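**Student:** Would you mind keeping the following structure in view while I ask a few things?
What follows is calculated from the coordinates using simple rules that are stated; it is not laboratory data. Everything numeric in this text was worked out from a predicted model, so none of it was measured. Cβ: placed from backbone, ideal geometry, glycine included. Neighbour counts: every protein chain shown.
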């Protein structure tokens, strides 16, 4: 069964009953604003003008009681239950870089990076087409899907993701239980947190497994020989030094970017001479930048990303200069 989704003053597309509005739009090549893909950031909120939808993830962090009263829904978590009409916010959706598609993939390698943090390498049956900074949705079990950013550069054949296992976390537990040879369904690519190689001051901020997209972006800049013509700072936040998963790989990539510096930031290792101490906001406060000219790339848990966004807003950094990927 499928329904027609109409964007007010815009195009329309078909949505199957078993896919979200965002997935259907991506499949149809229609651009909807989005970032995280799992209901954390709120970037994909649209107004439901007419029709009915079902919310897949009732506990989505980005949904509030006020949203329910004003019929604001998350395109990444809402499935059509009738023909619907939606209204986008005044800001235009970014153009699609690549349409997403669903395909089977084999898990071919697992690598331990840090306590409870692993890198998983998947080989899809078709082309692995994505841009650095984008993410994939992995179907782990019936009704259980999670979004993971790729940490590797596109090679056409592989997708690599980094995941931390959380006690009681259904998605991370299911992923950790997979073994090489396991088959899953992957949808990709999604996300607009991609590199804009224009000149100017850049600050990259990764927290926890937010290392994944930031590592991909740093590798892209290094491989393509991007020279931003201004200082570049790459901040990687973790609780302890042992939690800096793939930190050596990030440092190596940063070392190939002209004018770039790598800053590991630790919460619980104040005796470490190789790192700043504290959290992301404290590290950013120590940086010198012009709010009107700097560009930020931020990836990590919602608490960190929201704190950084609030800090940058107060500092006068335009939201159009803050690219972020928020996930648990």
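**Student:** How far apart, in nm, are two points set 7 Å out from the Cα along the Cα-to-Cβ line at residue 292 and at residue 125?
**Tutor:** 5.5 nm
**Student:** Starting from 0 in steps of 20 Å, tell me what percent of the Cα-Cα pairs of the chain lands in each bin.
**Tutor:** 32, 59, 9, 0
**Student:** Does anyone have the angle between helix 211-223 and the longest principal axis of the chain? Alpha-carbon axes, 0 to 90°, nearest 10?
**Tutor:** With rounding to tens, the tilt is 70 degrees.
**Student:** From a point 7 Å beyond the Cα of residue 166 in the direction of its Cβ, which residues of region 17-52 have a backbone N at a distance under 18 Å?
**Tutor:** 35-43
**Student:** How large is log10 I(q)/I(0) at q = 0.11, 0.14, 0.16 Å⁻¹ when the Debye formula is applied to the Cα atoms of region 101-190, each weighted equally and without solvent?
**Tutor:** For region 101-190 at q = 0.11, 0.14, 0.16 Å⁻¹, log10 I(q)/I(0) is -0.26, -0.42, -0.56.
**Student:** May I pose another question? How far apart, in nm, are the 7 Å Cα→Cβ label points at residue 256 and residue 139?
**Tutor:** In this crude spin-label approximation the distance works out to 3.6 nm.
**Student:** For the chain, what is the mean residue ellipticity at 222 nm derived from helices alone (per DSSP H run of n ≥ 4: -39500 (n - 2.57); sum divided by total residues; nearest 500 deg cm²/dmol)? Please report the intermediate quantities before stating the final value.
**Tutor:** Numbers: 7 runs with 61 residues, N = 328.
That calculation yields -5000 deg cm²/dmol at 222 nm.
**Student:** By count of other Cβ within 10 Å, fewest leading, how are 86, 214, 63 ordered? Don't jump to the answer; show the numbers that get you there.
**Tutor:** Working: 86 24, 214 30, 63 20.
The order, fewest Cβ neighbours first, is 63, 86, 214.
**Student:** Still on this structure, please answer the following. Using alpha carbons only, how many angstrom separate the centre of region 216-268 from the centre of region 128-185?
**Tutor:** That distance is 23 Å.
**Student:** I would also like to ask the following. In nm, to one decimal, how far is the residue 68 label point from the residue 177 one, both placed 7 Å along Cα→Cβ?
**Tutor:** Distance between the two pseudo-spin positions: 3.1 nm.
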